[in-house]
1. Given the conditions (1) aliphatic (A, V, I, L, M); (2) open to solvent by less than 80 Å² (accessible area, probe 1.4 Å); (3) out of contact with any Leu (no Cβ under 9 Å at 6 or more places or on another chain), which single one is not true for ALA181?
2. Restricting attention to region 293-305, which residues are closer than 15 Å to ALA365 by Cβ and either in contact with a helix residue (DSSP H, G or I) (Cβ under 9 Å, 6 or more places away or on another chain) or surrounded by 21 or more Cβ atoms within 10 Å (Cβ to Cβ) (or both)?
3. For region 262-274, name all the residues that are more than 15 Å from the chain's Cα centre (by Cα) and in a helix (DSSP H, G or I).
4. Could you list all residues from region 467-506 that are under 30 Å from VAL420 (Cα atoms), open to solvent by less than 50 Å² (accessible area, probe 1.4 Å) and at pLDDT 65 or above?
5. Which numbered condition in (1) of a type outside the set (D, E, K, R); (2) in contact with an Asp or Glu (Cβ under 9 Å, 6 or more places away or on another chain); (3) closer than 19 Å to ALA16 by Cα is the only one that THR204 fails?
6. Filter region 410-431 for residues that are outside any strand (DSSP E or B) and either open to solvent by less than 20 Å² (accessible area, probe 1.4 Å) or touching a residue at least 60 places away in the same chain (Cβ under 8 Å) (or both) and give the result.
7. Among ALA27, ALA107, which is closer than 22 Å to LEU190 by Cβ, touching a residue at least 24 places away in the same chain (Cβ under 8 Å), open to solvent by less than 30 Å² (accessible area, probe 1.4 Å) and aliphatic (A, V, I, L, M)?
8. Only one of (1) in contact (Cβ under 8 Å) with a residue 60 or more places away in the chain; (2) open to solvent by less than 80 Å² (accessible area, probe 1.4 Å) fails for LEU140. Which number is that?
Amino acid sequence: MTEKERNLPAAGAWPALTLPQMLREQARRQPGAIAIRQKDFGIWQPISWSQYWQRACRVGMGLRALGLGPGGRVAIVSENRVEWLLAQMGAGAVGGVAVGVYATSPAEEMGYVLEHADVELVVCEDQEQTDKVLQVADRLPLLRRIVVIESKGLRSYAPAERARIVTFAEVEADGQRREAAELAALDSALDGQRLDDTGLMIYTSGSTGKPKGAMLSYRNMRAVAPGIADRLAMDRASVHLSYLPLCHVAEQMLSTFVPIYLGTQVNFGESIRTVQEDLREVAPTIFLGVPRIWEKLHAAISIKMQEAGRLQRWLYRRALAACEPFLEKSPAQYTAGERLTRWLWYWLVLRALQNFIGLRRVRVAMTGAAPIPPDVVRYFRKLGVPLVEVYGLTESAGMIFGQHPDRVKVGTVGEPILGVEWRMGEAGELQVRGEMVFQGYYKNPDATADAVREGWLHTGDVVAEDDGRVRIVDRLKDIMITAGGKNLTPSEIENAVKGSPYVKEC
């Protein structure tokens, strides 16, 4: 299907607008279309593009009234929900910068990020997250106020603590009161926002030391979006379920970058614990799962089939065996015999299994962020779930390699997306260049200089080229060299072990 057939603009035709400017543009283009749905008490509540923009502006004006200035940092500590995006886009609309913080972070780790990022305001989901911030508040000299989304339990705070807290509803209501007097000025100031302005800070995991704050500009976000949409065959009818942490670049690219530029729908379930139920209800056309998600789904089906009757197990094994020969093909490449085989086993076995995991309508399913056993990928492709491997980093603003649906080779991450140059450096290290390469690490020029040299981002991943596709071998720092000079990659052994449904981690 061509870009024109999918109603998808060519890469060069994507508007040269920042993310908040593009949100405003979508509100003008399709004000009544559904941008977001959020499930509350079992009911999906829709939010149109005009409501999305209007509420983001109100939140932005409310945050500005609390002291947020241009370039000021707003931390967001919450599970995925519409208020996360309203805080991010509201801060962006008034020139602020959103800083994502993992809701699972302990107080000490959270304190480091908030202090290092020079955060002025913190948006917390509930009392639990507010308690963590209050524990480290004495280390945050720039902190002005704490904004709490769920107000339950706030009465338990002492007057001095309660004075530092304001609810999200109060911030939005204050912005609504200021709308008549300040909206025109906000709109005018937004016209002057530049693509090179910092729009988001994402802190790395810190597995090799303290977390580093990667600064992403609006240019980075805009540069990566067309390539992602192109490789994943996304169009304006695409539907996504947002459940991975929004403080991670993988979820940002599918919940904000591409949806806002393309105008697609994002859905927020009730919680991370209801993902499989939400998948069945939303039936997304695109789905991203980290390897652990796919391994859990694989284990769930394997165990379920072990409990099934003899005939069901026989049909299940026959279906997988029959579909194995063409698992690396896309439906467009099937022969007449393969289409008949897939159709037969789809109605006998595979449709029920796809419904069980909620992925019957998915057009592209992805795995990334960590190595995955190739047998797990093969398994889902045999089931008829078009699972492809993708690759990206926080420092590249998300996905920069992905398997083309018509050129799938299991065990590789495919080919570069639009706008990405790549090469292999010393020891086979993957190095990439393009407008999606981040601005640098906040307050860490040495680490920035080490990561980006002469415009090339040094990823630290060792790769090999496999018939025109890139295969990730291992992390450069993890490769072991024997006395005989042979390179050993631990990930290959680890992935083989993790392929078992009985092994969680290796």
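1. (2)
2. Step one: filter region 293-305 for residues closer than 15 Å to ALA365 by Cβ, giving 293-298, 301.
Listed by number, the residues that qualify are ILE293, TRP294, GLU295, LEU297, HIS298, ILE301.
3. Correct list: LEU262, ARG273, THR274.
4. Scanning region 467-506 gives GLY468, ARG469, VAL470, VAL473, ASP474.
5. (3)
6. Initial filter on region 410-431 (outside any strand (DSSP E or B)): 410-414, 417-420, 425-428.
Residues satisfying the conditions are VAL410, GLY411, THR412, VAL413, GLY414, ILE417, LEU418, GLY419, VAL420, GLY428.
7. On the way: ALA107 fails: closer than 22 Å to LEU190 by Cβ.
Going through ALA27, ALA107 in turn, the sole match is ALA27.
8. Unmet condition: (1).
The values are calculated or read from the model by the stated rules, or taken from the named source; none is laboratory data. Treat the numbers as computed from the prediction; the structure is a model and nothing was measured. Quick reminder, even Gly has a Cβ in these numbers, built from the backbone with ideal geometry, and neighbours come from all protein chains shown. Accessible surface is based on the protein model in full, side chains and every heavy atom, while ligands, DNA and RNA are left aside. Shrake-Rupley method; radii C 1.70, N 1.55, O 1.52, S 1.80 Å.
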